[in-house]
Every structure is written in structure tokens, then in C-alpha cells.
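Have a look at the structure below, then the notes.
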Amino acid sequence: MNIQPAERMNHIKPSVIRQFAEAALKQGLISFANGNPSPVTFPVEYMKRFYQEALETGDNKLFTYGAVLGYPPLVEALKKRLAAKYGFDFEQNDLFIVSGGTQAVDLVSKIWLEKGDGVIVEEPSYSSCYNIFHAYEAELLGVGINESGIDTEAVEEMLKTHPEVKLIYTISSFQNPTGYTAVADTRKKLYELACRYDKIILEDDPYTELRFAGESVDPVKSLDTEGRVFYTSSLSKVICPSFRLGYLVADKRFRQYLNVCKQVTDIHSNTLAQYVAWGIMTKTDYEEHLNRAREEYRKRVALVTETLKKNMHPSCRISAPEGGLFMMLFMPDCVDAVEFTWKGIERGVVCVPGSGFLIDGNAPSHSIRMCYSTAPIEDVARGAEIIGKLTWDMIEGKD
Ligand SMILES: Cc1ncc(COP(=O)(O)O)c(C=O)c1O
């Protein structure tokens, strides 16, 4: 066969994260690579209860094609939660259930992006979304991120010099991979810039419910009076990823586009899983379930942080996440992150090198992402100790 895939596929890259996560799985290593939630947080008993309940209702609506927008009781439960927690305005906005936050990013890209459009992304950032933007032939423009969130001065500079920018993609809380959270001032500045330069923002917030320290900060979407912020979050990290459920909050004037695009993608998301998620959210002590997950991650971060601080070379630093699943270890320029990761694997621990989160995945990087959520808790400190000691060996040139 001589037929070639579309040229835009040339920009799609295999996930470095998966590559290292699979290496860990095969070799039985301590894994800080997978971006999965901790299995101990999956509400299995509740799932049994509500799957059983769904089957016993005999309600055909749960088994046949459902509403494109989502299972109405779940839509309402999520709207109620977001209105109470963050003041989202559902007179102005719709909430769509989507098949994971990933699909929300895809749908927004499908509607808005044309060949050559610019997308500003935090760098480093979640590289699967780079692939989505590339699939729509957008050009990615990276700006830095620090403890206060996306570098808004760099965003403004980019907006001045790149009129082709249409969309700004931000992971505002407990960012993947850094663990950083944008402070309120950063969010306000970002929204003001989007208004001044007439851009849209795609706010990807799958970790928002997993805050275990510090004060809650409202999403950028809470500031949105103009309908230019598309907000997505997920049930993957708070119930389980295999449900493939997420949600997208978007101004009502885009309903028709979203409706049609969702329909032609998969008609609607899994209704049985939506029923179970609705049951868990509304008929159990959902807050208690979330608190248990938050406590699990708080404990794990404390363990990794304490162990790394004791064992790592003083020229290294680590991020201090207040929620979510990720932290980053930053090493001096003499350490190559890919080499570091392979040495870690030889010693029994796997992380993901920072280059996996850069637009140019081959660019040099001196940091690694550590996802503290999935390794058995008894392995977490041992894994962090190995990483800490490896920094000495790499920096002092002993390895
Ligand atoms: C920033 C970010 N967005 C989206 C996703 C994917 O979420 P979902 O399972 O809801 O598609 C992830 C998962 O790791 C993520 O880190």
C-alpha cells in the first residue's frame, strides 16, 4: 500500500510517560512514573452498590442511547457543586459530560483550531494535550511556569509578538508535571490578557478536588463574564480513570458546536458509569470519600518530601504541591534528566524525565516528574531515597 497518513500525523509523538510507565510495569520497579490516582482511593464498594442499583432499576434509559449533554442528574449534581464551590454561572454556561477531560481538550480544539493557529502552553506541561493541538495543526508556543503559575509577563510578550495565537492552555491547579498552582493574581492577569488580546482560555483542572494543603483558589472560569474560558475537569482522579468521565463548562452560545462535535465523536459518554458517578456524588458522603483521597496524597507528599530533603544533593530543589498527584525534582544543569532516569531504572525506581513535558521532547532537561500516588506506600520512601542518593552520584560524578 502506498497511501500515507495525513501529513499532520507527522507531529504526533508517542507518550514518553507511557514508555517509562510500561518499563516500570514490566520490571517490577518502584514507579513514580504513572499519572494514575492511588488504587486505594477507588470507591469500589460504592461502585458495586450503584451498578447493582442501576441494573435493578430496569430503566431502559440507562441502557439505550442517552443525552449528548450527559445523564441529566449527573449534569445537575456537577453544576450544583461547581456553582456552590466556585460560583460558576449556569445561566450563562452549559455543562457537558465528556469521555474524560482529554475529550474536552479535543472537542475545544476541533471547534476552534485551524492550521497555523498559535496555542500558548505552559512549558513543561501535559504532553498528551500537545499531541491534540498538533493533530489540529496548531503551532505550540511555550511559556514558563513557576510557583505562582503561568508566567503572565511571558504570555503578554507572546501575545504581542504572535498575533496568530488563538488559545491559551493552562493547568491552573497542581499542574502536571510541576505540581505548581496559579495564585489568584496570576489567574486574574491571565484572564485580563485574554480579554485585552481577544483570546480564548482552555483551563484544564482535573486535580482541583484534590487539595490537601493551603487555601482554595477559584478557577479562571470563575472570573469569566465574556464566555471566553472553556473549563474542563475530570472524574478520573476522584472516582476512577476507567469510567472515562469528565466535564466541560462552556458558554451557552457554543452549545450547538459542542453538541454536534460530541455527537460525531461518540454520541455521548457511558451512561451506566454516569449513573454510578451520580450515585457516589449524591447518595454517599462524597466529601468524606474526597477527604480520604486528599489525606492519602498529603501523607505521600510528606513522605517523599522528607526523604528527598534528607537524601538529595543540596543543589537540587523540589516543588511543594498543595494537591494533586505530581511533584518535580529540579537538578543542576550538569545532570541530564534522561540519563538520570535510566540510572534510576537500573537502581529500581522509575520517574519521567522533564523532557517528556517539553514541546521539543528531545530538548535537554534537568528535572524529573515524580508521581507519588501509585507506588505501594511502603515503597514510597525507599524509592525517594534511591532518587535522592542518585542525585549525589550524578552531581559528584561518582556514577
Ligand atoms: C492535565 C491533565 N489533563 C487531562 C488528563 C486526562 O484526564 P482524563 O482521564 O479525564 O481524560 C490528565 C491525566 O493525567 C492530566 O494530567
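The values are calculated or read from the model by the stated rules, or taken from the named source; none is laboratory data. Keep in mind the model is a prediction, meaning the values are calculated, not measured. Ideal geometry is used to build each Cβ from the backbone, glycine not excepted, and the neighbour counts take in all protein chains shown. These area figures cover heavy atoms from the full protein model, side chains too; ligands, DNA and RNA do not enter into them. Shrake-Rupley method; radii C 1.70, N 1.55, O 1.52, S 1.80 Å.
If R0 is 41 Å, the Cβ-Cβ spacing of Lys252 and Ala23 corresponds to a FRET efficiency of close to 0.35. Accessible surface computed residue by residue for the chain, with neighbouring protein chains in place and a 1.4 Å probe, gives 43 Å² per residue. Counting 0.36 nm for each residue step from Phe42 to Glu215 and taking away their Cα separation leaves a gain of 59.8 nm. Placing dummy labels 7 Å off each Cα toward the beta-carbon, the span from Asn2 to Asn259 is 4.6 nm. Shown are Tyr65, Tyr207, Tyr71, whose ranking by accessible area with a 1.4 Å probe and every protein chain present, most to least, is Tyr65, Tyr71, Tyr207. What is the calculated FRET efficiency for Trp392 to Arg292, with r their C-beta to C-beta distance and R₀ = 25 Å, to the nearest 0.05? The calculated FRET efficiency here is 0.10. Membrane-span-like helices in the chain (whole DSSP H runs, Cα extent of at least 27 Å along the helix axis, mean Kyte-Doolittle hydropathy of at least -1.0): 377-395.
Relative protection proxy for 3-11, 153-161, 233-241, from highest mean packing down: 233-241, 153-161, 3-11 (other beta-carbon atoms within 10 angstrom).
Over the residues of the chain, the helix contribution to mean residue ellipticity at 222 nm works out to -13500 deg cm²/dmol, using -39500 (n - 2.57) for each DSSP H run of at least 4. Of the residues Thr284, Thr307, Thr152, the one that moves most in a GNM of the chain with alpha-carbon contacts below 10 Å is Thr284.
Per residue, the convex hull spanned by the Cα atoms of region 336-390 amounts to 68 cubic angstrom. Taking the accessible area of the chain, probe 1.4 Å, and keeping the other protein chains in place, the carbon and sulfur fraction comes to 51%.
Sorted from greatest to least, the principal axis extents spanned by the alpha carbons of region 44-283 come out as 59, 40, 32 Å. Under a Gaussian network description of the chain, with springs only between Cα atoms under 10 Å, the residue in Phe330, Phe357, Phe133 that fluctuates furthest is Phe330. Solvent-accessible surface (1.4 Å probe) assigned to Lys48 amounts to roughly 120 Å². Here is the result for region 242-283: no chymotrypsin sites (Phe, Trp or Tyr not before Pro) lie in DSSP coil with at most 16 other C-beta atoms within 10 angstrom of their C-beta. Averaging the sequence gap over all C-alpha pairs within less than 8 Å and six or more residues apart, then dividing by the number of residues, gives the chain a relative contact order of 24 percent. On full extension, the segment bounded by His11 and Asp285 gains 94.1 nm, given 0.36 nm per residue less the C-alpha separation. Length gained on full extension, Thr161 to Lys61: 30.8 nm, using 0.36 nm per residue less the C-alpha separation. Give me the net charge for the shell around Asn146: Cβ to Cβ below 15 angstrom, other residues only, Lys and Arg +1, Asp and Glu -1. Residues close to Asn146 contribute a combined charge of -4.
Please report the spacing between the Cα centers of region 231-273 and region 371-399 in Å, no decimals. Measuring centre to centre over Cα atoms gives 38 Å. In this structure, Lys310 and Lys188 have a Cβ-Cβ separation that, at R0 = 41 Å, corresponds to a calculated FRET efficiency of about 0.60. Charge tally around Ala250: other residues with Cβ under 15 Å, Lys/Arg +1 each, Asp/Glu -1 each, net -2.
Comparing mean-square fluctuations of Ala273, Ala138, Ala84 from a GNM of the chain with C-alpha springs under 10 Å, the top value falls on Ala84.
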